[in-house]
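Let me begin by presenting the structure, written as structure tokens, before commenting on it.
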Amino acid sequence: MVVLALTGLSAQAGQPNTLTKQEKADGWKLLFNGKNLDGFRPYSPKGKIGEGWEVKDGLLIKKADTRGGDIMTKDTYENFEFKWEWNLAKDGNNGIKYMILEWRKKTVGPEYQLLDDFGHPDGKRGKDRQLAALYDVLPVSVAEKPRREPGQWNESRIVVRGNHAEHWLNGVKVLEYECGSPKLLAAVQDSKFRKEKDFGKKAKGHILITDHKDECKFRNLKVRVLD
């Protein structure tokens, strides 16, 4: 099991999109500098980042009702920890995908669901489509999620080390699974991804922010490689 020291939101509130001395020592890297999208690229090598993405006041903003296309990291990651802060509009939907592979020719991969569970229709379609779930595959494993109301800032993280993966929400581990395990692969067969080759198996890939029509703000996107 991976044991993590969590940093509260208030500690970073004064200086968003920067690394503390301790974070630098621990190997963290900024994916978003608060000024531009230099750390990201479109999924398609021939594509471009659309107007639906805006950098303003130190925030990465997915604008409502304006297409920008999915954006993903330029680098790929195998064993990693990724943390970010997000602020989703009421009734909103977004997500973070990882293990994204270009050979699939589409943005298919495990997804950390970002959702207003009580306002968006997906919240009523099953717990595996709700906030912090492994989208359409596994629900969270805690009885009460430490969720915050739409319009408030949350902190999430994804950890992948070996075949072990974890989803965290506001300082609490809410889901863990083993890539390639019989349990996970059985859940994949009951999902929309059943026909996707090798879905649910460990892969080295990109981290991707989805483009949904709803407004979602991001800051403090940071990643570190794990041994």
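Going through GLU102, GLU85, GLU111, GLU81 one at a time, which residue ends up being touching a Phe, Trp or Tyr at 6+ places or on another chain (Cβ under 8 Å), among the charged types (D, E, K, R), open to solvent by less than 30 Å² (accessible area, probe 1.4 Å) and closer than 24 Å to CYS179 by Cβ?
Result: GLU111 is the single residue among GLU102, GLU85, GLU111, GLU81 that is touching a Phe, Trp or Tyr at 6+ places or on another chain (Cβ under 8 Å), among the charged types (D, E, K, R), open to solvent by less than 30 Å² (accessible area, probe 1.4 Å) and closer than 24 Å to CYS179 by Cβ.
I'd like the full set of residues that are under 14 Å from LYS217 (Cα atoms) and of a type in the set (A, V, I, L, M, F, W, C), limited to region 49-69.
TRP53, VAL55, LEU59, LEU60, ILE61, ALA64
Looking only at region 124-144, which residues are of a type outside the set (A, V, I, L, M) and buried (at least 17 other Cβ atoms within 10 Å of the Cβ)?
ASP128, ARG129, GLN130, TYR135, ASP136, PRO139
If we scan region 168-189, do we find a residue that is farther than 25 Å from ASP91 by Cβ, open to solvent by 60 Å² or more (accessible area, probe 1.4 Å) and of a type in the set (A, V, I, L, M)?
No, there is no match, as no residue in region 168-189 is farther than 25 Å from ASP91 by Cβ, open to solvent by 60 Å² or more (accessible area, probe 1.4 Å) and of a type in the set (A, V, I, L, M).
Determine whether region 104-125 contains at least one residue that is modelled with pLDDT under 95 and within 30 Å of ASP227 (Cβ to Cβ).
So far as region 104-125 goes, yes, one or more of its residues are modelled with pLDDT under 95 and within 30 Å of ASP227 (Cβ to Cβ).
Is it fair to say LYS217 is open to solvent by 50 Å² or more (accessible area, probe 1.4 Å), farther than 19 Å from ARG157 by Cβ and in contact (Cβ under 8 Å) with a residue 12 or more places away in the chain?
no
Taking strands (runs of 3 or more DSSP E) that do not extend beyond region 15-113, which have at least 2 residues that are in contact with a Leu (Cβ under 7 Å, 6 or more places away or on another chain)?
Ranges flagged: 53-56, 71-73, 80-88, 93-100.
Here is a yes/no grid of residues against (1) within 26 Å of GLU215 (Cβ to Cβ); (2) without any contact (Cβ under 8 Å) to a residue 40 or more places away in the chain; (3) not charged (D, E, K, R):
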position	(1), (2), (3)
ASP91	yes, no, no
LEU101	no, no, yes
PRO110	yes, no, yes
ARG125	yes, yes, no
LEU131	yes, yes, yes
ARG148	yes, yes, no
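The values are calculated or read from the model by the stated rules, or taken from the named source; none is laboratory data. Not measured: the values here are computed from a predicted model. Cβ atoms come from the backbone with ideal geometry, glycine included; neighbour counts cover every protein chain shown. What goes into the accessible areas is simple: the full protein's heavy atoms, side chains included, and nothing from ligands, DNA or RNA. Shrake-Rupley method; radii C 1.70, N 1.55, O 1.52, S 1.80 Å.
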